[in-house]
1. Counting just the residues of segment 29-54 that are surrounded by fewer than 20 Cβ atoms within 10 Å (Cβ to Cβ) and of a type in the set (Val, Ile, Thr), which one comes out nearest to residue 159 (Cα to Cα)?
2. Filter segment 64-108 down to residues that are over 18 Å from residue 54 (Cβ atoms) and small (Gly, Ala, Ser), then give me how many there are.
3. Got a sec? Which of 57, 87, 26 is polar (S, T, N, Q), open to solvent by 20 Å² or more (accessible area, probe 1.4 Å) and either free of Cβ contacts under 8 Å to residues at least 24 places away in the same chain or within 26 Å of residue 301 (Cα to Cα) (or both)?
4. Determine the pairs where a residue that is without any contact (Cβ under 8 Å) to a residue 40 or more places away in the chain, located within segment 174-190, has a partner that is open to solvent by 40 Å² or more (accessible area, probe 1.4 Å) with Cβ atoms under 7 Å apart, the partner being 6 or more residues away or on another chain.
5. What residue, of 110, 124, 149, 114, is open to solvent by 10 Å² or more (accessible area, probe 1.4 Å), within 24 Å of residue 171 (Cβ to Cβ) and either of a type in the set (Val, Ile, Thr) or at pLDDT 95 or above (or both)?
6. What are the residue pairs meeting all of these: first residue in segment 234-250, first residue farther than 12 Å from residue 174 by Cα, second residue among the charged types (D, E, K, R) and open to solvent by less than 10 Å² (accessible area, probe 1.4 Å), Cβ atoms under 7 Å, and 6 or more apart or on different chains?
7. Is it true that residue 133 is at pLDDT below 95 and either surrounded by fewer than 19 Cβ atoms within 10 Å (Cβ to Cβ) or not in a loop (DSSP other than H, G, I, E, B) (or both)?
8. Select from segment 56-99 the residues that are in contact with a strand residue (DSSP E or B) (Cβ under 8 Å, 6 or more places away or on another chain), within 29 Å of residue 23 (Cβ to Cβ) and either among the aromatic types (Phe, Trp, Tyr) or in a helix (DSSP H, G or I) (or both) and list them in ascending order.
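The values are calculated or read from the model by the stated rules, or taken from the named source; none is laboratory data. No experiment lies behind these values; they were computed from the predicted model shown. As a convention, Cβ positions derive from the backbone with ideal geometry for all residues, glycine included, and neighbour counts pool all protein chains shown. The protein model used for the area step is the full one, side chains on, heavy atoms only, and it has no ligands, DNA or RNA in it. Shrake-Rupley method; radii C 1.70, N 1.55, O 1.52, S 1.80 Å.
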Amino acid sequence: MPRDGHGRIIDYLRISVMDRCNLRCSYCMPLEGLRFVPDEDLLTADEISLVARAAVSCGFRKFRITGGEPTLRRDLIEVVAGIRSESPDAEIGMTTNGILLPRMARDLKDAGLDRVNIHIDTLDEVRIRQVMRFADVQKIMTGIEAAEDAGLTPIKLNSVVVRGDNDTDVVELARQTLTRPWGVRFIELMPMGDGDESKLALSRVVSSEETMERITDSIGPLIPVPATHPSDESRNYQFSGGIGTVGFISPVSDPFCSACNRVRLSAEGKLLLCLLRDDEADLRAVIRGGGGVEAVSHALRQSILLKPVGHALDEGIHASRRMHEIGG
């Protein structure tokens, strides 16, 4: 398995297949001034399969398909099938807003997708249009049901907690785990984008400690759940008698960089070594320059050696790209 220069095993590749999205979450995508990767610059399904083959040859054991919103990609089923054919034993997940899952969940399962994480920031019908703008709670819930019916389980729900937007809505989301077998995870807002955007994001960060306190004050104590893997970024808990879990992902207040096992592939083929830094390597250039599996494997290994030990938010260093350009 590949190790970085700090001795960490890197065996998890997040693959962005699309930088476009059918929503415009307030902390992720502005309503105006967006520029997207031209279709000809996106990695093709065959190119993604080649990267997956190279990654497996290096020892990668886990893949996650991300966006933007991955379900907008017309050949997504082909992409999933290609990754599965190259990695029959790997775990393959996908992060989505769930809106388009009712028409494709079964096909995704048949193509080899194991499970989905679904993004939903609030269950409030009015507030969701303020935070996720074009979202609709019922459409997302229907997507969750479609995923469950297709066997894309266990379901995890991701909520980015933003001060002044949805920080008071975390209780109702957490309450769902009393009766649903979901993993509801609350994620600290990560400062990304240009300097002004990053400063604004930092002022709106709600720490996991604050979110947890709000939840326990309203519902009751949370019982720690042992981690299933040392690299799991979520600290998970359960309510007494609950059947789901409540998780907290704390990249700002309690970074988990020392156990990080992942790198990210952007939609245009750049290998990103840290979500909150701009370090990257151009795998598309390797592929379109005639490089095959061995060349991509070599580029992967060499790049991983340069993976930074952690982010440097306390030094004012952050990624200049927005979240939809990276894949989360």
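1. 37
2. 5
3. 57
4. Close Cβ pairs (under 7 Å, with a partner that is open to solvent by 40 Å² or more (accessible area, probe 1.4 Å)) do not exist here.
5. Only one candidate qualifies: 124.
6. Partner pairs satisfying both residue conditions: 249/188; 250/188.
7. yes
8. Across segment 56-99, the qualifying residues are 63, 70, 71, 76, 79, 80, 83, 84.
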